Structures are given as structure tokens and as C-alpha cells.
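Chemist: Can you read through this structure? Questions will come right after.
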Amino acid sequence: MSLNRIFSLAVTIFVATHLVAESLPQATLVKAGRLLDPRTGNVLSPAAVLIENGKIKEVGAPSKLQTPPGAKIIDLGNATLLPGLIDCHTHLFLDIIVPPELEQQRHYNGFFAPGMLLAIIESPSKRALVGAQSAREDLESGFTTIRNLGHSGIDGDTELRDGINRGNVPGPRLLACGRKLITRGSYVQNLNPALADAILQQEFLFIDGVDQAREAVRRNAFQGVDVIKVTADENLTVPELTSVVDEAHREHLKVAVHAAERVPIQTAIDSRADSIEHGNEVTDEQLKQARDKGIFIDLTPTFYDSFYLKIAQPSIVITPEPPAQAAQRKARGKKDYDQLVERVLKSGAKFAAGSDMCWHYPGKTRGEASINAVVKLRDAGMSSLDVIRSITSNAGEMLGWANRIGTIEPGKLADLVAVSGDPILDISELERVRFVMKDGRVIRNYLQDNQSR
Ligand SMILES: [Zn+2]
């Protein structure tokens with residue numbers, strides 16, 4: 001080896017070790033005007049958080065915290081600190097452009113819209129890059145943890161999770177579900193039977209009977225998933241879903257069940273699933289049962305108000321609806337969802353929230369679109385504090401990670417975000433997250449000029 005080569009190697013090693021030391025100092029003190037505890041609603045003002053080795057060591061008034069010598073100090077001025085945000089329901093590997101109405105009608109295949117089908121048969125490499133971009137954009141908007149609930153190809157989300165953890169690509173802490181479990185039902189209608197299975201196996205594991213249900217969980221567990229996702233329709237039986245839940249719990253995995261209508265919701269409750277995703281048509285009696293069994297309702301207000309239209313309008317020509325009729329339909333949809341939120345809150349059932357984001361939202365990054373969807377819960381009548389709980393402390397509990405994430409407390413992972421104003425007065429502050437820290441590493445800091453990146 002030439003001297004030159006040795007010298008450049010030495011420089012590389014020096015720079016590398018120096019950079020590592022820079023990105024994660026032994027101790028960091030984050031100071032801010034306010035710190036909100038989502039569980040109690042209490043505000044600590046002024047506040048400081050001491051971080052060591054990627055974890056929260058101490059939280060308190062700045063005057064009471066002992067700063068270790070050599071600690072890096074990040075002063076966020078008057079900003080409000082919150083726990084890192086958690087999107088409990090997302091689809092990083094889908095970036096669907098809603099097809100025009102005529103095309104949708106002609107190619108209708110149940111819930112399995114043409115845009116979704118296209119995503120599956122596209123190049124898996126291209127899809128992986130979409131997933132990586134969505135993950136980075138989610139993190140930049142303040143989502144330090146996300147639960148990806150399906151549509152990632154065979155191993156997209158487990159590989160992305162591992163890649164993020166290795167430092168190959170930036171992204172949130174990711175809970176991956178691998179392939180989604182479905183019945184051979186309305187989800188996948190009208191596909192060519194000679195070709196369908198080869199395509200569908202890229203995305204789903206089928207539940208046809210209790211043995212296959214158990215096998216599907218084992219396949220995903222073998223692949224190292226963090227959670228099991230099931231799409232429940234009227235074909236799914238209680239014994240089949242119970243078999244999924246038993247096997248998943250044996251593997252220490254929680255089961256998230258897509259259930260929007262009354263019958264699948266009852267199947268999920270009777271099978272003791274861990275969370276009901278969407279839950280739009282849940283009855284008061286079912287909410288009572290969910291509360292008694294400790295089952296979470298994971299609200300996804302993605303179709304609330306005109307959110308979906310904003311996504312679809314640029315690409316779709318919608319048959320003009322008479323204005324009075326359109327207004328009526330919109331008002332009915334809003335009223336239904338407002339009532340759902342009110343009934344969930346009144347029932348005492350546990351709740352959390354997710355964006356269910358899977359579309360291309362023109363003009364917004366994935367993170368911006370996702371947080372914009374979730375804060376719609378405020379318009380639907382939820383208090384700002386409950387909206388924040390649903391994507392922090394409640395979310396951490398639903399994911400089974402309450403001891404790691406969801407609040408700013410000693411012993412937890414150092415996942416923090418900060419906004420300039422008061423998110424209780426104006427929930428849209430969450431759409432303008434100015435500071436993001438994950439595992440003690442600064443991802444974004446727009447509050448300190450010299451540190452903005
Ligand atoms: Zn979904």
C-alpha cells in the first residue's frame with residue numbers, strides 16, 4: 001500500500017469517527033419554552049430534556065437539570081416539545097394516482113382498486129425506492145415511528161425497517177406487517193383466475209380455513225414481522241380469525257384487523273383482535289365490547305370532509321354532481337364521521353389514529369399528507385389533546401411499545417418533535433414541525449439558524 005493510500009485511509013477513518021461522534025454525542029440537552037405531556041395535558045415551562053446514548057435520561061426545569069460536561073446544548077427558544085409522532089396505520093409502498101372515473105368503473109375489482117394492482121405488478125425495485133422516499137418524508141414531518149400495515153410486496157417493509165435500522169436509508173422506526181392476510185373475497189374480485197394467484201401472492205397470504213390462517217401467521221413470523229395485519233370481510237369466520245390471533249399472540253405479535261363494517265367488526269371483537277382499523281360503522285354496543293376487552297379503535301379520517309377529493313381531483317374527471325346533491329352527500333359523510341368520533345370518545349374504548357396514506361397527494365410530501373389527514377380528527381370534534389394522544393401516548397400503548405415511545409420520560413427512546421406555537425390552541429401546528437429528533441439524533445432543526453439542515 002502506497003503512503004498516499006495509507007494517508008487517505010487515515011483521513012477517512014478520522015473523518016468517519018469524527019462524524020459518528022458529531023452525530024451522536026454522549027449527552028445532549030434540549031431546552032424549550034414548553035413541554036407537553038400528552039397523557040396528563042400538563043405543560044412544563046420552561047423545560048429541558050437530557051439525552052444520553054439515544055435515550056431520555058432526565059426531564060425537568062432547566063435550572064434543576066445537571067448538564068454533564070461536554071454535553072451538546074440545543075436551545076429551541078419558545079418552542080413546544082412533544083413526543084415523536086406515531087402514524088399507526090400507513091402504506092409506505094403505495095403511491096397511488098387515482099385513475100380516471102371511467103377506468104375505475106371498467107376495471108373495478110372490489111377494494112383492490114386498479115391503482116393498487118398497478119403498484120403490485122410494477123418493478124419491485126422501483127417500489128422499494130417509493131417506500132424509502134415515503135419513509136424519509138414521514139420522518140422529516142415528525143413521524144419518528146410508523147406502523148406499516150400492508151402492501152409492501154413480499155418483504156418490502158421488513159427490509160426497509162432493517163435498512164433504516166442499519167443506517168442505509170433515513171426513516172422512522174418502522175413496525176412491519178409483511179404480507180396482509182385476506183380471504184378470497186370481495187377484496188380481489190374480477191381478476192383473471194389463471195394469473196391472479198401469482199400476482200396476489202406478491203401482496204397477500206390467503207386465509208382459507210383455520211389451518212391456513214395459522215400457517216399464514218407463521219410465514220410472516222418467520223420473515224420477522226412486528227405485527228400481523230388481517231383484512232376482515234364477511235367471508236372471514238371467527239374460528240379463522242381466532243386461529244390467527246392465537247398463533248400471533250404465541251409469537252408475541254399483535255393483530256391489527258381492517259374492519260369498517262358491522263359484521264367484520266364483530267368478527268374482530270369476538271376473536272379478540274388487538275385493534276380494529278377504521279371501524280367506521282361500529283355500533284355503540286360493539287364499542288362497549290371493545291372497551292371491555294381492551295381492543296383499540298384505530299381511527300383513520302382519510303376520507304373525512306374533502307381530503308380525498310384533494311388527492312383525486314388533479315388526475316380524475318369526476319362526473320359533475322348537482323351542487324345541492326354534492327353538498328348533501330358531503331354533509332352526510334361529515335356528520336357520520338363526527339358522530340363516530342363522538343361515540344368512540346364517549347364509550348371509553350381505547351383509541352389511536354393513523355393516516356391510512358397510500359395515495360399520491362399532489363404538492364405534498366408523504367409526511368405532509370399523512371399529518372394533514374390525521375389532524376382532521378380535530379375538525380371531526382376531537383379535542384387537540386386527544387388528537388395528540390392518538391398519535392403519541394395512546395399510539396405507543398396500542399403498538400405494545402408504551403415502555404419505549406409515546407411520551408417524554410426517563411428511560412424512553414429520545415424521539416422528540418417541536419413546534420413553534422401551541423398545538424392545543426392550533427392543532428395545525430403539527431403540520432409545521434420545526435424540530436425532529438429520533439434516537440437522540442437531530443433529523444431536522446429549523447428553530448436554530450446555525451443548526452438548520
Ligand atoms: Zn390501510
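The values are calculated or read from the model by the stated rules, or taken from the named source; none is laboratory data. This structure is a prediction, so every number in the text was calculated from the model and none was measured. Neighbour counts run over all protein chains shown; Cβ positions are idealised from the backbone, glycine included. Ligands, DNA and RNA are stripped out before the accessible areas are found, and what is left, the full protein with its side chains, is counted by its heavy atoms. Shrake-Rupley method; radii C 1.70, N 1.55, O 1.52, S 1.80 Å.
Chemist: Restricting to segment 359-376, name every residue that is of a type in the set (D, E, K, R) and either within 22 Å of ASP274 (Cβ to Cβ) or more than 16 Å from the ligand (Cβ to nearest atom) (or both).
Modeler: Within segment 359-376, the subset of a type in the set (D, E, K, R) is 364, 366, 368, 376.
Those that are of a type in the set (D, E, K, R) and either within 22 Å of ASP274 (Cβ to Cβ) or more than 16 Å from the ligand (Cβ to nearest atom) (or both): LYS364, GLU368.
Chemist: For segment 362-381, how many residues meet the condition of being within 23 Å of PHE93 (Cα to Cα) and open to solvent by less than 20 Å² (accessible area, probe 1.4 Å)?
Modeler: 9
Chemist: In segment 101-113, what count of residues is obtained for those that are open to solvent by less than 70 Å² (accessible area, probe 1.4 Å) and either at pLDDT 80 or above or more than 16 Å from the ligand (Cβ to nearest atom) (or both)?
Modeler: Start the filter on segment 101-113 by keeping residues that are open to solvent by less than 70 Å² (accessible area, probe 1.4 Å), which leaves 101, 104, 109-110, 112-113.
Subset that is either at pLDDT 80 or above or more than 16 Å from the ligand (Cβ to nearest atom) (or both): 101, 104, 109.
Count: 3.
Chemist: Just to be sure before I move on: is ARG441 farther than 26 Å from GLY131 by Cα and either open to solvent by 10 Å² or more (accessible area, probe 1.4 Å) or within 16 Å of the ligand (Cβ to nearest atom) (or both) in the structure I sent? Walk me through it before giving the result.
Modeler: On the way: farther than 26 Å from GLY131 by Cα: no; either open to solvent by 10 Å² or more (accessible area, probe 1.4 Å) or within 16 Å of the ligand (Cβ to nearest atom) (or both): yes.
Considered against the rule, which asks whether it is farther than 26 Å from GLY131 by Cα and either open to solvent by 10 Å² or more (accessible area, probe 1.4 Å) or within 16 Å of the ligand (Cβ to nearest atom) (or both), ARG441 comes out as no.
Chemist: If you check PHE303 against the conditions, is it open to solvent by 10 Å² or more (accessible area, probe 1.4 Å), of a type in the set (Phe, Trp, Tyr) and within 16 Å of the ligand (Cβ to nearest atom)?
Modeler: Here the answer is yes, as PHE303 does meet what is asked.
Chemist: Any residue in segment 64-77 that is part of a helix (DSSP H, G or I), surrounded by fewer than 17 Cβ atoms within 10 Å (Cβ to Cβ) and not acidic (Asp, Glu)? Before the answer, list the steps.
Modeler: Filtering segment 64-77 down to residues part of a helix (DSSP H, G or I) leaves 64.
So of that shortlist, the ones also surrounded by fewer than 17 Cβ atoms within 10 Å (Cβ to Cβ) come out as 64.
Of the ones still in play, those that are also not acidic (Asp, Glu) are 64.
Checked segment 64-77: at least one residue is part of a helix (DSSP H, G or I), surrounded by fewer than 17 Cβ atoms within 10 Å (Cβ to Cβ) and not acidic (Asp, Glu).
Chemist: How about segment 199-280: which helices (runs of 4 or more DSSP H) wholly inside it have at least 1 residues that are within 16 Å of the ligand (Cβ to nearest atom)?
Modeler: Here the list reads 262-270.
Chemist: While we're looking at this one, here's another question. Modelled with pLDDT of 95 or more and not basic (Lys, Arg): is that true of LEU200 in this structure? Working first, answer last.
Modeler: Numbers: modelled with pLDDT of 95 or more: no; not basic (Lys, Arg): yes.
No; evaluated as a whole, the condition is false for this residue.
Chemist: Scanning for something open to solvent by less than 10 Å² (accessible area, probe 1.4 Å), closer than 25 Å to THR242 by Cα and within 19 Å of the chain's Cα centre (by Cα), does segment 167-176 turn up at least one residue? Break it down into steps so the answer makes sense when it comes.
Modeler: At the first step, the residues of segment 167-176 found to be open to solvent by less than 10 Å² (accessible area, probe 1.4 Å) are 171-172, 174-176.
Subsequent filtering for residues that are closer than 25 Å to THR242 by Cα retains 175-176.
Add one more test, that the residue is within 19 Å of the chain's Cα centre (by Cα), and what stays is 175-176.
For segment 167-176, residues open to solvent by less than 10 Å² (accessible area, probe 1.4 Å), closer than 25 Å to THR242 by Cα and within 19 Å of the chain's Cα centre (by Cα): present.
Chemist: Something else: Which residue out of ASP87, ASP37 is more than 16 Å from the ligand (Cβ to nearest atom), among the acidic types (Asp, Glu), open to solvent by less than 50 Å² (accessible area, probe 1.4 Å) and in contact with an Asp or Glu (Cβ under 9 Å, 6 or more places away or on another chain)? Before you say what the answer is, go through the steps one by one.
Modeler: Numbers: ASP87 fails: more than 16 Å from the ligand (Cβ to nearest atom).
Unique residue meeting the criteria: ASP37.
Chemist: So in segment 118-164, with the set limited to residues that are assigned to a loop (DSSP other than H, G, I, E, B) and closer than 8 Å to PHE93 by Cβ, which one is nearest to the ligand (Cβ to nearest atom)? Break it down into steps so the answer makes sense when it comes.
Modeler: At the first step, the residues of segment 118-164 found to be assigned to a loop (DSSP other than H, G, I, E, B) are 122-123, 141-142, 149-155.
From what's left, closer than 8 Å to PHE93 by Cβ: 151-153.
Values: HIS151: 8, SER152: 12, GLY153: 16 Å.
Ranking the candidates gives HIS151 first.
Chemist: Restricting to segment 114-146, name every residue that is of a type in the set (D, E, K, R) and open to solvent by 10 Å² or more (accessible area, probe 1.4 Å).
Modeler: Within segment 114-146, GLU122, LYS126, ARG127, ARG136, GLU137, GLU140 meet the criteria.
Chemist: Kindly establish whether ASP356 is of a type in the set (D, E, K, R), under 26 Å from LEU309 (Cβ atoms) and within 16 Å of the ligand (Cβ to nearest atom). So that I can check it myself, show each step before the final result.
Modeler: Details: of a type in the set (D, E, K, R): yes; under 26 Å from LEU309 (Cβ atoms): yes; within 16 Å of the ligand (Cβ to nearest atom): yes.
Considered against the rule, which asks whether it is of a type in the set (D, E, K, R), under 26 Å from LEU309 (Cβ atoms) and within 16 Å of the ligand (Cβ to nearest atom), ASP356 comes out as yes.
Chemist: In segment 382-400, what residues are open to solvent by 20 Å² or more (accessible area, probe 1.4 Å) and in contact with a Leu (Cβ under 8 Å, 6 or more places away or on another chain)? Lay out the reasoning, then the answer.
Modeler: To start, the set of residues in segment 382-400 that are open to solvent by 20 Å² or more (accessible area, probe 1.4 Å) comprises 383, 385-386, 389, 394, 397, 400.
If the condition is that a residue be open to solvent by 20 Å² or more (accessible area, probe 1.4 Å) and in contact with a Leu (Cβ under 8 Å, 6 or more places away or on another chain), then ASP386 is the only one that fits.
Chemist: Please go through segment 36-69 and pick out each residue that is in contact with a helix residue (DSSP H, G or I) (Cβ under 7 Å, 6 or more places away or on another chain) and β-branched (Val, Ile, Thr).
Modeler: If the condition is that a residue be in contact with a helix residue (DSSP H, G or I) (Cβ under 7 Å, 6 or more places away or on another chain) and β-branched (Val, Ile, Thr), then no residue fits.
Chemist: Still on this structure: Looking at LEU92, LEU82 in this structure, which one is open to solvent by less than 60 Å² (accessible area, probe 1.4 Å), modelled with pLDDT of 90 or more, in a loop (DSSP other than H, G, I, E, B) and not acidic (Asp, Glu)? It would help to see each step written out before you state the result.
Modeler: Details: LEU82 fails: in a loop (DSSP other than H, G, I, E, B).
Just a single option satisfies the conditions, and that option is LEU92.
Chemist: Being free of Cβ contacts under 8 Å to residues at least 24 places away in the same chain, open to solvent by 60 Å² or more (accessible area, probe 1.4 Å) and under 20 Å from HIS89 (Cβ atoms), is that true of even one residue in segment 263-281?
Modeler: Among the residues of segment 263-281, at least one is free of Cβ contacts under 8 Å to residues at least 24 places away in the same chain, open to solvent by 60 Å² or more (accessible area, probe 1.4 Å) and under 20 Å from HIS89 (Cβ atoms), which makes the answer yes.
Chemist: Could we say that ASN235 is within 27 Å of GLY396 (Cα to Cα) and not hydrophobic (A, V, I, L, M, F, W, C) here? Steps first, answer last, please.
Modeler: Working: within 27 Å of GLY396 (Cα to Cα): no; not hydrophobic (A, V, I, L, M, F, W, C): yes.
When the stated conditions are applied, ASN235 does not pass them.
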